[in-house]
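Only one structure is covered here, and it is reproduced in the block below.
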Amino acid sequence: MNYLQQEIQGSQEPKNKIFDFVQENSLDGLWYWDLKNPDNTWVNTTFWKSIGYDGEHEAERPADWRTVVAPADLAAVEAQLAACVAGGTSNFTQLVQCTHRDQSAVWLQCQGLIMRDDDGQQERLVGVLLDVTKEKIALATAHEFATHYSTILSNQSVYIIRTNTAGNYTYVNDFFCERFGYDAKIIGTSSMDSIYEDDRPKCIATVMKCFTEPEKPHQVILRKPYRDNTVKSNHWEFKGIVNGAGELVEILCVGYDVTLLVENFEKSQHLLEVTKQQNARLQNFAHIISHNIRSHSANLTSLVRFLQEAKGAEQTAMFLQMLKTSTDKLAETIVNLNEIVTANSNAHQPRKPRSLQREVNKTLEALNVLIHQNSIAVLVNIPADVTVHVVPAYLDSILLNLLSNAIKYRSPQEAATIEVTTHSENEYIVLSIKDNGLGIDLDRHGAKVFGMYKTFHKNEDARGVGLFITKNQIEAMGGKINVQSKLGNGSTFNVYFNEGV
Amino acid sequence: MKVFELTYIIEDDLITSTITELILKRNTCFDRVQTFSNGQEAFEELAQIARANAEVPDLILLDLNMPVMDGWEFLDAFSTLGLHKHVDVCVLTSSIDPEDIEKSNTYKDVKGYFSKPLDDDILDKILDLLA
């Protein structure tokens, strides 16, 4: 018996007074059941107060308490009671739900004690009741939160991971595992391993930002192989998690798949690029029309006027000759423009396989007279099995243009050589035509080598359309062309045949 | 009225340059005319003049699109010559590209931008501008 018990036992106060004080101040209700005579069951006023009644009226009808206890819980109490009776034990606990006067639920924790008489017969049940509604609600809320957040964490469309400061996974959600084919074994391994190598510096930079500004989210797009080995682009938001001391302890990363967005963006960028090129070509074309047709028509107008005012046969003859030259040039311009329009509009002609070696040799044969006349050494080094898929007429035109240019712009000082070779580069087969001729000052003319009506040398028959048409034709076949050249040191034209389409 | 004793025509198209020359010669304001088929030829001549302190032209009519050295390159080269006399330059081109017009405004030597064909009306405008 401890000190407090001794004090209470020895107190001069009536026992009931202490008992009443304790039960009224510490309990939310008291049950007292007469087990031999079940009608004599009783609840105290505190019980009624706990569920919203004043307890005065209810005290007059002691059996009413049964109506406010959930039947299932009451049955459970009775079952516990029966178990105690059967097992000879005295204590039990049971949570009972009661209906408050305002119809809300009140949860009472009941501690039951069975009292027996001297013969061991059950006589009374005393039940002390504690209101645990707040705890019950808090528990339910906590449970609801937990369910809510676990739903978010494992939801079907967002990746959620956490890493420690070393970049090792400390948490990954189900969706992340499922999509990238991981399991729980990934925890503790480096998150950097599976990121596309080119994107790792970006990732590290974003992590560094989390160290400097952990309170802010930092965005980055990273590529990573999917479980089917396709590469997916994911948009991530990194945020630092700091401990009480303000130190960064973890990084929370939330991400989602933006592959489709990125692909669409790239597609539209490509489309924009194509449109830009087309627009530039169209503009070039419009300027050429304006420039060339206009200059011819201007000349014709002036010449006709001169002709009208001409004095004497000699002047008339001179103007007529000039008039003829002008109309010839106009006709030639129109032929050229027609050729350009054709090259631009026939982009979808069927493509056929052609042996590059055969085609180059065929073109060289057509240029044979010029080659011999100028004693040009031509070296063709193309394996017989190199085949390109082309619009045949375009290939003919490209080869003729580039090879005849190489002859036309040979160096007058040196023995002229032309070297034709091929190599492959990614999806392209590259044809290189290298000469040791005049060369082009690319610093001065680089931007306009392939422009229309651009000529760089004093050459009477230079039309300034050849390279423009060549560029249009190779681009229409999905390829490209570039030039390496130095004034006085010859030129190398590289034609890229796109074999990937 | 001001008389231009020596005028250069820098123009690659022979017919155009002949016509321009004829129109100038019919006008009493123009005395001698020299033609060059591209910027390089004219530049070499002017460089010679600069060295020899010889006669500098009063006016240059300059085409833009030309092989070897085009009008822009000529203007760049021309500004480095340091001739002892100021020379008026008028761009005379068939280009109606607004970019070309804008670009020509950035050259302080360029007094005006005119579209070919040169006729008496345009010639009057040039004379008014330079008067």
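Read the figures in this text as sums done on the coordinates, not as results from a lab. Worth saying up front: this structure is predicted, and the values here are computed from it rather than measured. Counting neighbours? That spans all protein chains shown, and the Cβs are built from the backbone with ideal geometry, glycine included.
Details
- The H on the amide N of A:Asn168, modeled in the peptide plane, is under 5 Å from the matching H of A:Ser191, each at least 5 residues off or on a different chain.
- Residues of type lysines that A:Lys136 reaches as a straight line, Cα spacing below 27 Å, ignoring anything fewer than 8 places off in the same chain: A:Lys49
- Anisotropy class of region B:91-131 from Cα gyration tensor, a/c 1.5 cut: oblate
- Anisotropy class of region A:299-382 from Cα gyration tensor, a/c 1.5 cut: oblate
- Using the Karplus relation 6.51 cos²θ - 1.76 cosθ + 1.60 with θ = phi - 60°, the per-residue 3J(HN,Hα) values for region A:256-262 come to 8, 6, 10, 3, 5, 4, 5 Hz, with x marking Gly and Pro.
- Within the protein assembly as shown, DSSP assigns beta bridges of which about 75% are antiparallel (rounded to the nearest 5).
- Cβ crowding within 10 Å averaged over residues, with A:479-486, A:349-356 ranked highest first: A:479-486, A:349-356
- Per-residue ³J(HN,Hα) for region A:43-54, Karplus 6.51 cos²θ - 1.76 cosθ + 1.60, θ = phi - 60°, Hz, x for Gly and Pro: 10, 8, 5, 4, 4, 4, 5, 4, 10, x, 9, 7
- Average other protein chain Cβ within 10 Å of Cβ, residues B:109-116: 1
- J(HN,Hα) series, region A:264-273, from Karplus relation 6.51 cos²θ - 1.76 cosθ + 1.60, nearest Hz, glycine and proline x: 5, 5, 5, 4, 5, 4, 4, 4, 4, 4
- Prolate/oblate/rounded call for chain B, Cα gyration tensor, a/c under 1.5 rounded: rounded
- Qualifying aspartates and glutamates (Cα of each under 15 Å from Cα of B:Lys125; at least 8 residues distant if same chain): B:Asp88
- Taking a straight line from the alpha carbon of A:Lys448, these aspartates and glutamates sit under 14 Å away, with near neighbours fewer than eight places off in the same chain left out: B:Asp70, B:Glu73.
- Centre-to-centre, using Cα atoms only, region B:105-131 and region A:201-219 are separated by 61 Å.
- For the cross-link pairs A:Lys324/B:Lys103; B:Lys25/B:Lys108; A:Lys224/A:Lys471; A:Lys224/A:Lys267; A:Lys324/A:Lys480; A:Lys329/B:Lys25, the ones whose C-alpha atoms lie over 30 Å apart are A:Lys324/B:Lys103; A:Lys224/A:Lys471; A:Lys324/A:Lys480.
- For B:Asn65, the residues 5 or more places off, or on other chains, whose built amide H falls under 5 Å of its own are B:Gly71.
- Percentage relative contact order, region A:3-131, counting C-alpha pairs under 8 Å, at least six apart: 25
- Take every pair of alpha-carbon atoms less than 8 Å apart whose residues are at least six positions apart; their mean separation over the length of chain A yields a relative contact order of 7 percent.
- What the Cα atoms of the protein assembly as shown give is an Rg and a Dmax of 49.4, 160 Å.
- Amide H contacts of A:Trp31 (H built 1.01 Å from N, in plane; Pro and chain starts excluded): A:Gly127, A:Val128, A:Leu129 sit under 5 Å, all sequence-distant by 5 or more or on other chains.
- The relative contact order of region A:266-498 comes to 18 percent, based on Cα pairs under 8 Å that sit 6 or more residues apart.
- Mean ellipticity per residue at 222 nm, deg cm²/dmol - from DSSP H runs of n ≥ 4 across the protein assembly as shown, formula -39500 (n - 2.57): -13500 deg cm²/dmol
- Region A:141-181 and region B:11-77 have Cα centres lying 78 Å from one another.
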